[in-house]
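What follows is one structure encoded as structure tokens, with my remarks underneath.
The values are calculated or read from the model by the stated rules, or taken from the named source; none is laboratory data. The shown structure was predicted, so the numbers you read here are calculated from the model rather than taken from an experiment. Methodologically, a virtual Cβ is constructed for each residue, glycine included, from the backbone with ideal geometry; neighbour enumeration extends over all protein chains shown. Ligands, DNA and RNA are stripped out before the accessible areas are found, and what is left, the full protein with its side chains, is counted by its heavy atoms. Shrake-Rupley method; radii C 1.70, N 1.55, O 1.52, S 1.80 Å.
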Amino acid sequence: MSILVQSNTKVLVQGITGSFGAKHAQLSLDYGTRIVAGVTPGKGGQQFEHNGHKVPIFDTVADAVRETGATASAVFVPPPFAADAILEGADAGLTLVVAITEGIPVNDMIRVKRAMEGKSTRLVGPNCPGVVTPGEGRDSQGGCRIGIAPGYIHKKGHIGVVSRSGTLTYEAVFQLTARGVGQSTCVGIGGDPVNGTSHLDVIRMFMADPDTHGIIMIGEIGGSAEEEAAEWIARNGTKPVAGFIAGATAPPGRRMGHAGAIVSGGKGTAKAKIDAFRMAGIGISPTPSDMAATLLKMM
Amino acid sequence: MNIHEYQAKQLLKQFGVAVPSGDPCKTLAEVRAAAERLFASGHKLAVVKSQIHAGGRGKGTFKHGFQGGVKLARSVDEVVAFAENMLGKVLVTKQTGPEGRQVQTLLVAAAETIKKEFYIAVLLDREKSRPVIMASTEGGVDIEEVAEKSPEKILKEWVDPAVGLQAFQCRKIASGLGLKGDLFNAACKLVAGVYKTWWECDASMVEINPLCIVEGPGGKENIMAVDAKIGLDDNALYRHKDIQEMRDLAEESPLEVEASKFNLNYIKLDGNIACLVNGAGLAMATMDIIQHFGGSPANFLDVGGGASKDQVSAAFKIILGDPGVKGILVNIFGGIMDWNVIATGIVAAVRETGLKLPLVVRLEGNNVLAGKQTLKDSGLTLISGDSMADAARKVVAAVNTH
């Protein structure tokens, strides 16, 4: 098993004809992911072709879902239209919407999050690298790759990875794979202050997944999502968790690349998060180079 | 993006929030005209306020020795005399650092007779993913201190984005501040206006401290934003052309302005080891690991997920624009990006800039072998690191012995 997506998950791509969406749809097809539909308003009826794959394009997500049975989507739509695209996915009854788009206004996400309350659709992101459940083939091919992560660094296995940062996720995955240790699922939850899925949401799924035996949780300055997850782990954790927090050297009051990575009013510091990890018995990786080693030492 | 106090007040005024009358002035002639208007309309006291994006202006000192970035004046001549000591001069406050900021604009406004000071702000509550209005009877002081010592003195109202701010929520805040009668009604209107400013402008924060009960001519009381601070969501600026024009490049670090032209995320720090990284999380982590091994990062620099040769080249020039830099660490996890493209960019940038400083490159990812070959063939002297830790140790050692 795994969480969120399996190798047979049927995926559609919103914004498949844009350059960014098209490139990553191709990489996902090469990885062996079942990309069954694309959505670009006005291009319904056309096909997205790549290496012998012919992916039908639809005008609406609802059409794509009805015709292909897709249950998950990757959103590559530009920021001004991304909130609408996410809500269209939820309206069409998708189980999972993964929003890759970076730069969505916070107020748009506040409304999206409110509108999705009580709906069965889970949103991951925005401003995230996406979700990968590695497959059994060479370079982990045959898995489900939704988003922009490099597929080949993965390996099928039993470690869950959750992070707000894309490249730090890759770093952790790379360290694991280099040691011959595979991953159940890797989830990038995104660097924005308002996102669909929190660290805690993913941690709960990993704890409930019999195929996940250990977890790497990567956080960064800003907000209190890491503390919230740590508190829950302290009470309910059943599997080893190693963690790293980025931004100990970041100056307060400055946004460090991610819209959500900011220490303001003394809140969201790396120290507070590391203290919360320590209290919860989470293994602290002293540097970003030691994430895999720290977890493996605990297992 | 941050804006000046006078700009924040212009926005608030558009949404029905009362502010003291006044004008921004860039020249002494404008200062005199603004002061004349104020005194002619019956005001007995004016305030001259330095407009810089930093707090602590009142207690600040100008580099030429003049005390105070905010001054009260009783006549037109006094206003102009103060302005002569402030306009074009460099003000140092506890938030500007020792280099200070040049004052290019003064706000010349009516100095109201303040009867009582409150606090009000709107910001995002990240835990609830909703806007929260915070108000307190403890105004004019450090609100973080109030929040810590007496959190019961802070009123909070969360706004449901599905229906927007409701009138009863404004009444709860006005009542919580202990206001009655006309002032109660004025405060309700003000709370609604402050929230509307936050929402309509896509602000990340609107803070009014102090919010004041002032006594106007004839003893009539009103409630006004005597100071104001607004931060804006950069992601939403595309839909606010008017607010984009409020950007003051003079308030930003020149290297940061230059970096933004190339879509590079650069923040200058005080250390001596520059870093060039892809991804915000990895960029922060790279700063952290430099410090972990005893070094000091000179900057945060995220070249983004799909950096081109030109961006890598621009990034090199920007980090070398900081004279404090004594060594460079390039940490790029080439996931999708082809490392050979990055290596070509590095070689071009090193040649172009005639780099003499130690350069440590950590190579990992896609097509890394071709990238290593390109670096080797270039004949450049650079140090390669096998892991982040290895690269960080090497750059710290190189800077210490260089």
Next on the checklist: Checking B:MET86 against (1) buried (at least 18 other Cβ atoms within 10 Å of the Cβ); (2) closer than 28 Å to B:ILE223 by Cα; (3) hydrophobic (A, V, I, L, M, F, W, C), only one condition comes out false. Which one?
Outcome noted: (2)
Item to check | Candidates B:LEU359, B:LEU320, B:LEU369, B:LEU355, filtered to the one that is under 28 Å from B:VAL257 (Cβ atoms), open to solvent by 50 Å² or more (accessible area, probe 1.4 Å) and of a type in the set (A, V, I, L, M) | outcome: B:LEU320
Checklist entry - Restricting the stretch A:100-121 to residues that are part of a helix (DSSP H, G or I) and β-branched (Val, Ile, Thr), which is farthest from the other protein chains (Cβ to nearest Cβ)? => result A:VAL112
Checklist entry - Looking only at the stretch A:231-253, which residues are without any contact (Cβ under 8 Å) to a residue 40 or more places away in the chain and assigned to a strand (DSSP E or B)? => result A:ILE245
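Within the stretch B:210-232, is even one residue at negative phi and touching a Cys at 6+ places or on another chain (Cβ under 6 Å)?
yes
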Checklist entry - Among the residues of the stretch B:87-105, how many are in a strand (DSSP E or B) and touching a residue at least 60 places away in the same chain (Cβ under 8 Å)? => result 2
Checklist entry - Among the residues of the stretch B:168-187 satisfying the criterion of being under 28 Å from A:PRO105 (Cβ atoms) and either free of Cβ contacts under 8 Å to residues at least 12 places away in the same chain or touching a helix residue (DSSP H, G or I) at 6+ places or on another chain (Cβ under 7 Å) (or both), which is most open to solvent (accessible area, probe 1.4 Å)? => result B:PHE168
Checklist entry - Which number in (1) assigned to a helix (DSSP H, G or I); (2) within 13 Å of B:CYS275 (Cα to Cα) marks the one condition that B:VAL325 misses? => result (1)
Next on the checklist: Just checking, does the stretch A:22-38 include any residue being closer than 30 Å to A:HIS158 by Cα, in a loop (DSSP other than H, G, I, E, B) and not assigned by TED's automatic domain parsing to the domain that holds A:THR212?
Outcome noted: yes
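Take the residues in the stretch A:102-127 that are buried (at least 18 other Cβ atoms within 10 Å of the Cβ) and polar (S, T, N, Q); name whichever of them is farthest from A:GLY188 (Cα to Cα).
The residue in question is A:ASN107.
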Next on the checklist: Of all residues being of a type in the set (Ser, Thr, Tyr) and more than 8 Å from chain A (Cβ to nearest Cβ) in the stretch B:286-317, which is surrounded by the most Cβ atoms within 10 Å (Cβ to Cβ)? Just the residue, please.
Outcome noted: B:SER313
Next on the checklist: Need a quick list: strands (runs of 3 or more DSSP E) entirely within the stretch A:128-171 having at least 1 residues that are open to solvent by 10 Å² or more (accessible area, probe 1.4 Å).
Outcome noted: A:156-163
Item to check | Selection status of B:GLY16, open to solvent by 10 Å² or more (accessible area, probe 1.4 Å), outside the structural domain of B:ASP142 (by TED's automatic domain parsing) and over 28 Å from B:GLY219 (Cα atoms) | outcome: no
Item to check | Search result, residues across the stretch A:61-99 that are within 14 Å of chain B (Cβ to nearest Cβ), surrounded by 22 or more Cβ atoms within 10 Å (Cβ to Cβ) and not in a helix (DSSP H, G or I) | outcome: A:PHE76, A:ALA99
Next on the checklist: Among the residues in the stretch B:193-201, are any open to solvent by 40 Å² or more (accessible area, probe 1.4 Å) and closer than 22 Å to B:LYS49 by Cα?
Outcome noted: no
Checklist outcome for this item: Exactly one of A:GLY257, A:GLY247, A:GLY266 is at the interface with chain B (Cβ under 7 Å from one of its Cβ atoms) and open to solvent by 50 Å² or more (accessible area, probe 1.4 Å), and that residue is A:GLY266
